[in-house]
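Visitor: If you scroll down you'll find the structure; I have some questions about it.
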Amino acid sequence: HSTDFEVHRNWLAITHNLPLSQWYYEATSEWTLDYPPFFAWFEYALSHIAKYFDPQMLVIQNLNYSSHATIFFQRFSVIFTDILFIYAVRECCRCVNGKRAGKDIMEKPTFILAALLLWNFGLLIVDHIHFQYNGFLFGLMLLSIARLCQKRYLEGAALFAVLLHFKHIYVYVAPAYGIYLLRSYCFTANNTDGSLKWRSFSFLHVTLLGLIVCLVSALSLGPFIVLGQLPQVISRLFPFKRGLCHAYWAPNFWALYNAMDKALTIVGLKYNFLDPTKIPKASMTGGLVQEFQHTVLPSVTPLATLICTLVSILPSVFCLWFKPQGPRGFLQCVVLCALSTFMFGWHVHEKAILLAILPLSLLSVQRPKDAGIYLILTTTGHFSLFPLLFTLPELPIKILLMLLFTVYSFSSLKSLFRREKSLLNWLETIYLFQLVPLEIFCEIIFPLTPWKLTLPFVPLLLTSVYCALGITYAWLKLYVSVLTEPISVRHKAE
């Protein structure tokens, strides 16, 4: 089983056995509680059901406990909570423009969107094979998006506030929510040219939004503030001591940065520019399994990643404020915020790419340009998740599932936009096809070579770097699309 399986079993035990004051201090297992309080309460509620399946799973000292009853309960709990995700997909489909609908129900944008969301390959393997509870969390996110698209602003704001206190990674897209609510709800009117009418500012609306945020935050963090434990909770939620990158480099800018540092180190050693005795051991031997230390390029600090992230988000937020285009502009900003923080964030996990892929699905059935970007991002993003499933029996499963989803994505979107030109150009097509030989090399050829013992990190490095190129390209292409789109087209779209 994956480490996340044991993570959530341990959290069940912690919340079931210990008082609230010890939840964020307990450290018997290395997998300490590091999600916000609402998720801790969610685990607490599950634990009172889990005790009827196998009480031993709730013993804190039973590390790596995985009886059949435990496996059944945890797997079933993920499936059951996906009900919220299914409902959210239904609500999102109601927001989709159906003008392009064909005669065949399978060619309707709503049907294609439902399939792309419900059968998303990445969400399927991360939740139901690897093991996490992303389904109902993304359900909250999609439901909040649907409510904002339906102009039910307070409901959307409340749902997103609750979501942030379930899993703080969604703070990645908080700027998009904040600016959109301020622009569309707190200011109630525009001028005839589309610019903001400053006199339309509603103090009542701002007050209502503030009350919602404060109420949700008080329910979540209030008990820990009373106990004087807020700093401890914050330190668990934002562990900056973990290092720039995860054990497996997420396919982002820092993966390319690390790879460049490795390449420069090799060149420096070959031509005697560097002293071998001063090279950090983890830099060239441990590869991706230890905290990476830069040798040639400057080391990266949390502050540097924060600055890079904020700078990369600013253009999308600028467009959302000064060039409003309604829900589509909001969705574009959500995707760009998610991608920007994925590209430049500190200690980003590869699974965070789903935060951009799922909302981009809503855009992919609206315009061929967005559909092309979606195909590039999903194919490379999903391929980058392959290392999560590393055992031999899982190899055919992940390949087959991804092939099925990828083929459907390409065929359905191509059918939807059959009157348009090709969704991908020849260079993009070649890039995606090169994922096939990359997988063959990493899974079949490399294990048969002597490099497996001396350079065990090579498959992960190649996967991370190659996928980082595709994700970076999709991010830049979406940004160019948003920044260069004529204002007249924006108003027409709205």
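Visitor: Can you name every residue in the stretch 417-455 that is crowded, with 17+ Cβ neighbours inside 10 Å, closer than 20 Å to Leu389 by Cβ and over 24 Å from the mean Cα position of the chain (by Cα)?
Guide: Cys442, the sole residue that qualifies.
Visitor: So is Asn17 surrounded by fewer than 18 Cβ atoms within 10 Å (Cβ to Cβ) and either among the aliphatic types (A, V, I, L, M) or without any contact (Cβ under 8 Å) to a residue 60 or more places away in the chain (or both) or not?
Guide: It is true that Asn17 is surrounded by fewer than 18 Cβ atoms within 10 Å (Cβ to Cβ) and either among the aliphatic types (A, V, I, L, M) or without any contact (Cβ under 8 Å) to a residue 60 or more places away in the chain (or both).
Visitor: For the subset of the stretch 342-351 comprising residues that are in a helix (DSSP H, G or I) and open to solvent by 10 Å² or more (accessible area, probe 1.4 Å), which member is farthest from Leu142 (Cα to Cα)? Give the steps one after another, and end with the answer.
Guide: Step one: list which residues in the stretch 342-351 are in a helix (DSSP H, G or I), which gives 342-344, 350-351.
Retained after the next criterion (residues that are open to solvent by 10 Å² or more (accessible area, probe 1.4 Å)): 344, 351.
Details: Phe344: 24, Lys351: 17 Å.
Once the filter is applied, the top-ranked residue is Phe344.
Visitor: In the stretch 375-397, what residues are in a helix (DSSP H, G or I), open to solvent by less than 60 Å² (accessible area, probe 1.4 Å) and not hydrophobic (A, V, I, L, M, F, W, C)?
Guide: Once the filter is applied, which keeps residues that are in a helix (DSSP H, G or I), open to solvent by less than 60 Å² (accessible area, probe 1.4 Å) and not hydrophobic (A, V, I, L, M, F, W, C), the stretch 375-397 yields Thr378, Thr379, Thr380, Gly381, His382, Pro387, Glu394.
Visitor: Looking at Leu320, Leu297, which is the one that is open to solvent by 30 Å² or more (accessible area, probe 1.4 Å) and in contact with a helix residue (DSSP H, G or I) (Cβ under 8 Å, 6 or more places away or on another chain)? Lay out the reasoning, then the answer.
Guide: Details: Leu320 fails: open to solvent by 30 Å² or more (accessible area, probe 1.4 Å).
Within the list Leu320, Leu297, the selection yields Leu297.
Visitor: Which residues, taken from the stretch 72-93, are β-branched (Val, Ile, Thr) and open to solvent by 40 Å² or more (accessible area, probe 1.4 Å)?
Guide: If the condition is that a residue be β-branched (Val, Ile, Thr) and open to solvent by 40 Å² or more (accessible area, probe 1.4 Å), then Ile79, Ile83, Ile86 are the ones that fit.
Visitor: Also, quick follow-up: Somewhere in the stretch 398-416, is a residue out of contact with any strand residue (DSSP E or B) (no Cβ under 8 Å at 6 or more places or on another chain), surrounded by fewer than 16 Cβ atoms within 10 Å (Cβ to Cβ) and basic (Lys, Arg)?
Guide: No, the stretch 398-416 has no match at all.
Visitor: Now, a different point. Hey, does the stretch 164-176 have a residue that's of a type outside the set (Val, Ile, Thr), open to solvent by 60 Å² or more (accessible area, probe 1.4 Å) and either more than 24 Å from Glu43 (Cβ to Cβ) or in a helix (DSSP H, G or I) (or both)?
Guide: Applying the first criterion (of a type outside the set (Val, Ile, Thr)) to the stretch 164-176 yields 164-168, 170, 172, 174-176.
Next, only the ones that are open to solvent by 60 Å² or more (accessible area, probe 1.4 Å) stay: none.
Looking through the stretch 164-176, none of the residues is of a type outside the set (Val, Ile, Thr), open to solvent by 60 Å² or more (accessible area, probe 1.4 Å) and either more than 24 Å from Glu43 (Cβ to Cβ) or in a helix (DSSP H, G or I) (or both).
Visitor: Only one of these conditions is not met by His205: (1) part of a helix (DSSP H, G or I); (2) of a type outside the set (A, V, I, L, M, F, W, C); (3) open to solvent by 20 Å² or more (accessible area, probe 1.4 Å); (4) out of contact with any Ser or Thr (no Cβ under 8 Å at 6 or more places or on another chain). Which number is it?
Guide: So the condition that His205 fails would be (4).
Visitor: Of the numbered conditions (1) touching a Leu at 6+ places or on another chain (Cβ under 8 Å); (2) modelled with pLDDT under 90, His294 satisfies every one except a single condition; which is it?
Guide: Exception for His294: condition (1).
Visitor: While we're on this one: Would you mention how many residues in the stretch 103-160 are closer than 30 Å to Gln74 by Cα, polar (S, T, N, Q) and part of a loop (DSSP other than H, G, I, E, B)?
Guide: 2
Table: residues versus (1) open to solvent by 30 Å² or more (accessible area, probe 1.4 Å); (2) not polar (S, T, N, Q).
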{"site": "Pro37", "(1), (2)": "no, yes"}
{"site": "Lys51", "(1), (2)": "yes, yes"}
{"site": "Gln61", "(1), (2)": "yes, no"}
{"site": "Cys95", "(1), (2)": "yes, yes"}
{"site": "Ile112", "(1), (2)": "no, yes"}
{"site": "Ala115", "(1), (2)": "no, yes"}
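Visitor: While we're here: Find all pairs meeting these conditions: Cβ atoms under 8 angstrom apart; at least six residues apart or on different chains; first residue within the stretch 21-32 and open to solvent by less than 40 Å² (accessible area, probe 1.4 Å); second residue of a type in the set (Lys, Arg).
Guide: Tyr24/Arg236; Thr32/Arg236
Visitor: Test of understanding: among Tyr52, Tyr35, which residue is outside any helix (DSSP H, G or I) and in contact (Cβ under 8 Å) with a residue 40 or more places away in the chain?
Guide: Unique residue meeting the criteria: Tyr35.
Visitor: Quick one: what pairs do we get from the stretch 189-211, first residue within 21 Å of Cys319 (Cα to Cα) and of a type in the set (Lys, Arg), second assigned to a loop (DSSP other than H, G, I, E, B) and open to solvent by 50 Å² or more (accessible area, probe 1.4 Å), C-beta under 6 Å, 6+ apart or different chains?
Guide: Here the result reads Lys197/Asn191, each pair linking the stretch 189-211 to a residue that is assigned to a loop (DSSP other than H, G, I, E, B) and open to solvent by 50 Å² or more (accessible area, probe 1.4 Å).
The values are calculated or read from the model by the stated rules, or taken from the named source; none is laboratory data. Keep in mind the model is a prediction, meaning the values are calculated, not measured. Cβ: placed from backbone, ideal geometry, glycine included. Neighbour counts: every protein chain shown. These accessible areas exclude ligands, DNA and RNA; they are computed on the full protein's heavy atoms, side chains included. Shrake-Rupley method; radii C 1.70, N 1.55, O 1.52, S 1.80 Å.
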